[in-house]
Every structure is written in structure tokens, then in C-alpha cells.
1. Do the conditions hold for Val360, that is, is it open to solvent by less than 20 Å² (accessible area, probe 1.4 Å) and in a strand (DSSP E or B)?
2. Taking the stretch 88-98 on its own, how many of its residues are part of a strand (DSSP E or B), surrounded by 19 or more Cβ atoms within 10 Å (Cβ to Cβ) and not hydroxyl-bearing (Ser, Thr, Tyr)?
3. Please go through the stretch 230-263 and give me each residue that is within 18 Å of Lys359 (Cα to Cα), assigned to a loop (DSSP other than H, G, I, E, B) and open to solvent by 20 Å² or more (accessible area, probe 1.4 Å), ordered by number.
4. In the stretch 181-196, what residues are among the hydrophobic types (A, V, I, L, M, F, W, C), part of a strand (DSSP E or B) and touching a residue at least 60 places away in the same chain (Cβ under 8 Å)?
5. Can you confirm whether the stretch 196-218 contains a residue that is among the hydroxyl-bearing types (Ser, Thr, Tyr), over 24 Å from the mean Cα position of the chain (by Cα) and surrounded by fewer than 21 Cβ atoms within 10 Å (Cβ to Cβ)?
6. Go through (1) open to solvent by 30 Å² or more (accessible area, probe 1.4 Å); (2) in contact with a Pro (Cβ under 9 Å, 6 or more places away or on another chain); (3) in a helix (DSSP H, G or I) one by one and return the number of the condition His85 breaks.
Amino acid sequence: MPVRYLFLLLLCVLAIGLPGRPAAARQLPPDSTLPAPRAPFVVGAYAQGSIILAHTYAIRHLVASHPTGFEVNLQRQTTGAAPWHGWYKFPKIGLALTYYDFHNPVLGYVVSASPYISKSFSRGPKHDFSFRLGAGLAYLTNPYNQETNHKNTIASSALNATLQFRFEYDYALTPHLGLLVGAGLNHYSNGATTKPNFGVNLPSVVLGLNYYQQRSAPRTNANAPAPPEVGRTFFNVSTSLGFKQRTEGDKQKYLVHSLTLAVGRRVNRKSNLLLGLEGFNDRSLQATLNDTSRAGGPRPDVKKAGIFVGHELLFGRLAFDSHLGFYVYAPYKSSTPYYERLGLKYHFTNLLFGAVDLKVHRGAADVIEFKIGAKL
């Protein structure tokens, strides 16, 4: 997954933000107690053209075609119903449905659904320059099959995760119709749940139209005060489960379990910083050790422990999380001494949260973790 560093950079852009021109919309007084006006809809339809990025030698035989796609999406313009709307200069929240034809019988087609957030950097009476970040699920019609489709080294399962980011520029043709051009990247991968899984990256250009129910929507609570949690320390305890396949030849799915203890601090309106300790038990490592060890010989412990530093970019109850960790206990040397994690976290209540994370070793997906935890 070579897009991870760009993904982290773009999260930093969202966290810091860029100064933009004030919108021409009628601005209501910045009183955080005012009710938010109605959130208008935006409907979009875009054509996409792409290339397949040859990020590893194992997929170079698949990069000759030029995939094309089509997207429809439904967005809502935030107007101040939650404090974070104003902190991020009133982003749009949407759901995109995307179809891609790889124009290659080995790869087939892919359809995906991606919730996303779109943050404006510059907004005026007739233009809107924004960055969009989304994640969701994708279905590939022609995954790897050892007997019938062994050349598809991109994905060996029909169900995959998708990550999408894009810079977009919308220009108003009429009060309700906008012309959109954009450039970004679509990524599809199953997170090593099934192998082979080299994933696919599609750098894309986008051209389409947006229909605005109300282009210049009124907004309120632009200067909502910082939450009382800023500057406070908290503790997280969580556990996760995941499943992974060792090789193409071994079809068994092995359980991966972790336990995490972390201390965090809300440093500003948009960010939490974390420091944590966690332990891992990957059953696939035990199977590999059994296959490679001599009978009666010493066998190292396959369990691992690590420490990590992390950041959470906050959008109300939702957060994008990114971690960098180092193994401090790893008798069985099966990977790099460090790991990374990218994911989505959602607080169901002030106490209980859930998360879906992708754990990575030096660009290679290790496992998708499904996490449940508590904030104390």
C-alpha cells in the first residue's frame, strides 16, 4: 500500500487547513447557540479516466490498459449543526457510488461505495476548490483464482476495501449547475485477508457536473468554542480481531488478536495525540514456524509487543487515526521492527468506540483489524 505516506500528508492538510476566501453565502451571527439552517443537497455525476500504477513488479503485466469509470454521488453541505462544521470551514459530507471498467479480462470490473468528506480550501460566489477523502467497500468481479484466473495478482477476493482522495475544482455555470474537474487516486485492497493481495492504485482525472439545491447556503456557528476536553488527558483500552491468509497455497484464515492500552490528550479542536502499549497474537506465525522449524528444536515465541505514537483527526464522533509503532518484544523475526496503522474510529457513546484499521509493514498490508474499546 504505497499511498500511505501521501494519505498521512493529506490528513495533515485537513488538520492544519488552508486559508480560504470567505464564502458569498449569507453568514449568520457566530453565536454557537443559534440553530443551524437546513443542509442543502448537492448531486454529482462524473466521468473518470485512469492508469494502473505499477507500484510493484508483481503487477506489471496488468498495467497495459487504461481503466475508465463513472461516479454518482450525493452530498450535503454542512451549515453548523455540529461545532466541528465551523472548525473545518463547513465541509460537505457525501456518499459516492463508483463503477470502473479495467478494460482487461483478467481484472474485470469494480463497483464501490465510499462515504467521504470534502473540505474547501477556497470558496467564492462562483467557485469551490476542495479536497475530498473517503473510504468504503468495493466489489471486484474477477478476483484471483488459482485454476481460472491466476494472472490477477492484484486481489484474490471479491470484497475489498477502497480508499479515495481527490482535489476538486467546481465552477458555477448557473446558480444551480457547476462544472467539476478533479485529480486524485482510487486504491483497492483486501488488506491481506486473502492472498495474493498487491492491491491496485488508479491515479485518475475527473470531469463532471454538480447540481446544487442551494449553492450559497447560509451558515451559523462559524466560531463555535473549543470543547471542554481540550487539554485533558484520557485513557483508551481496546481489543481487536482480524483474519489473514499466509500464502496462496494455504487457504486457511488465521486469527490475529491484539490488546491495546493507550494514554491520549486532546491538544486542540481537531486533534488527539496518543501514546500506547499493545500486544499481538498472530496465529499464522505459529503455522509458519511449525512448517519451518526442525522437529524437537527450540521454537521462539510468536507473540509480539509494541509501543506506538498516534494521531486522531476528529470530526465529531468520527476520527481518522494513524499510528507508528515499534516492536519491543518480538522473539520470532517475521517482519520489520516497526509497523504502521491507518483507520477509521467512531464513538458510539462517550465511553464506547469501534474502529476498523489497516496494519501495515513497510508498505505491505498485514491485517485488517476490527476493534472495540472504551475511553476512560
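The values are calculated or read from the model by the stated rules, or taken from the named source; none is laboratory data. The model shown is predicted, which means the values in this text are computed figures rather than measured ones. Here the Cβ positions follow ideal geometry from the backbone for every residue, glycine too, while neighbour counts run over all protein chains shown. Accessible surface areas use protein heavy atoms only, side chains included; no ligands, DNA or RNA. Shrake-Rupley method; radii C 1.70, N 1.55, O 1.52, S 1.80 Å.
1. Values: open to solvent by less than 20 Å² (accessible area, probe 1.4 Å): yes; in a strand (DSSP E or B): yes.
So Val360 fits the description; yes.
2. Taking the stretch 88-98 first, the residues part of a strand (DSSP E or B) are 92-98.
In the following step, the residues that additionally are surrounded by 19 or more Cβ atoms within 10 Å (Cβ to Cβ) were identified as 92, 94, 96, 98.
Next, from what is left, pick out any that are not hydroxyl-bearing (Ser, Thr, Tyr): 92, 94, 96.
Number satisfying all stated conditions: 3.
3. Answer for the stretch 230-263, where residues must be within 18 Å of Lys359 (Cα to Cα), assigned to a loop (DSSP other than H, G, I, E, B) and open to solvent by 20 Å² or more (accessible area, probe 1.4 Å): Arg246, Thr247, Lys253.
4. Restricting attention to the stretch 181-196, the residues satisfying the condition of being among the hydrophobic types (A, V, I, L, M, F, W, C) are 181, 183, 185, 192.
Filter once more, keeping what is part of a strand (DSSP E or B): 181, 183, 185.
Within the stretch 181-196, just Leu185 meets the criteria.
5. Residues of the stretch 196-218 among the hydroxyl-bearing types (Ser, Thr, Tyr): 204, 211-212, 216.
This time we only want the ones that are over 24 Å from the mean Cα position of the chain (by Cα), so: 211-212, 216.
Still in the running and surrounded by fewer than 21 Cβ atoms within 10 Å (Cβ to Cβ): 211, 216.
For the stretch 196-218, residues among the hydroxyl-bearing types (Ser, Thr, Tyr), over 24 Å from the mean Cα position of the chain (by Cα) and surrounded by fewer than 21 Cβ atoms within 10 Å (Cβ to Cβ): present.
6. Only one criterion in (1) open to solvent by 30 Å² or more (accessible area, probe 1.4 Å); (2) in contact with a Pro (Cβ under 9 Å, 6 or more places away or on another chain); (3) in a helix (DSSP H, G or I) is unmet by His85, namely (1).
Yes/no per residue for (1) in a strand (DSSP E or B); (2) at pLDDT 90 or above; (3) basic (Lys, Arg):
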position	(1), (2), (3)
Phe7	no, no, no
Leu11	no, no, no
Leu14	no, no, no
Ala23	no, no, no
His61	no, no, no
Leu74	yes, yes, no
Leu107	no, yes, no
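Listed here are the residues, each with its yes/no results for (1) part of a strand (DSSP E or B); (2) surrounded by 19 or more Cβ atoms within 10 Å (Cβ to Cβ); (3) in contact with a Lys or Arg (Cβ under 6 Å, 6 or more places away or on another chain); (4) not aliphatic (A, V, I, L, M).
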site	(1), (2), (3), (4)
Ser122	yes, no, yes, yes
Pro125	no, no, no, yes
Phe131	yes, yes, yes, yes
Ala135	yes, yes, no, no
Glu147	no, no, no, yes
Asn160	yes, yes, no, yes
Gln164	yes, yes, no, yes
Leu179	yes, no, no, no
